[in-house]
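Okay, structure first, notes after.
None of the figures in this text is laboratory data; all of them are computed from the coordinates on show. All of these numbers come straight from a predicted model, not from anything done at the bench. Neighbour counts are summed over all protein chains in view; Cβ atoms, including those assigned to glycine, are modelled from backbone coordinates with ideal geometry.
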């Protein structure tokens, strides 16, 4: 507010399980130029003056109808829309991507690919815990997460596993209260719920996957 020459006057307190923040803007307008939201009738034209998306997803999450993948996709799409580089990968696919660098015909070296993953401005790892629990896979994941933890690089991780089921060296870095936030999502899996309509989530993920490595 201060950087925009604004002032806060008055306010009220709400006791709730979730933090809330909102502002009411006051000003002066000519009586003949006032537009109100009252009196709307079927057939009237509705103008939407801001992008929609993250608010819808957040509301869905609060009502337990948005999955962790929905939220991860919303975060990635928002950052891509702002022109930022995002690396979004399902964990088993990411490990396959790294393994492929060992092939003689690989276009880039393993070190180049691994460095791109470790240093991505925003890394989103989906479905941690679904990968094969080989020593190599566990070590690579630890190296990536530990590096980003020490470098304080933005990382989003989704998992259906409990923290107790995740390798301790990794889980300890996911729960550090100084830099991490754990959000429990209780939304049902739409794949097993016929009442859910996954179309929106699928379309969001489909658009995201076109830009999976942060480029068109």
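Under a crude label model (7 Å from the Cα following the beta-carbon direction), how far is residue 107 from residue 176 in nanometres?
Label at residue 107, label at residue 176, 3.5 nm between them.
Cα convex hull of region 1-111: how many Å³ per residue?
So the per-residue Cα hull volume is 279 Å³.
Tell me, 3, 108 in order of fewest to most beta-carbon neighbours within 10 Å?
3, 108
How long is the gain from residue 45 to residue 132 if the chain were fully straight, where each residue apart is worth 0.36 nm and the alpha carbon distance is subtracted?
Here the answer is 26.0 nm.
To the nearest 0.05, what FRET efficiency results for residue 185 and residue 1 with a Förster distance of 35 Å applied to their C-beta separation?
With R0 = 35 Å, the Cβ-Cβ based efficiency is 0.65.
Which of 37, 140 has the fewest other C-beta atoms within 10 Å, and how do the rest follow up to the most?
Ranked by crowding around the Cβ, least crowded first: 37, 140.
Sticking with the crude label model, points 7 Å out along Cα→Cβ, report the distance from residue 35 to residue 143 in nm, one decimal please.
It is 5.7 nm.
In what sequence do 47, 88 fall when counting other Cβ within 10 Å, fewest first?
47, 88
In nm, give the distance between the simple-model label positions of residue 150 and residue 82, each being 7 Å from the Cα along the Cα-to-Cβ direction.
Output for this residue pair reads 2.7 nm.
List the pair-distance distribution P(r) of region 96-179, using every Cα-Cα distance, as the percent of pairs falling in each 10 Å bin from 0 up to the bin containing the longest distance, rounded to whole percents.
It works out to 16, 50, 29, 6, 0, in whole percents.
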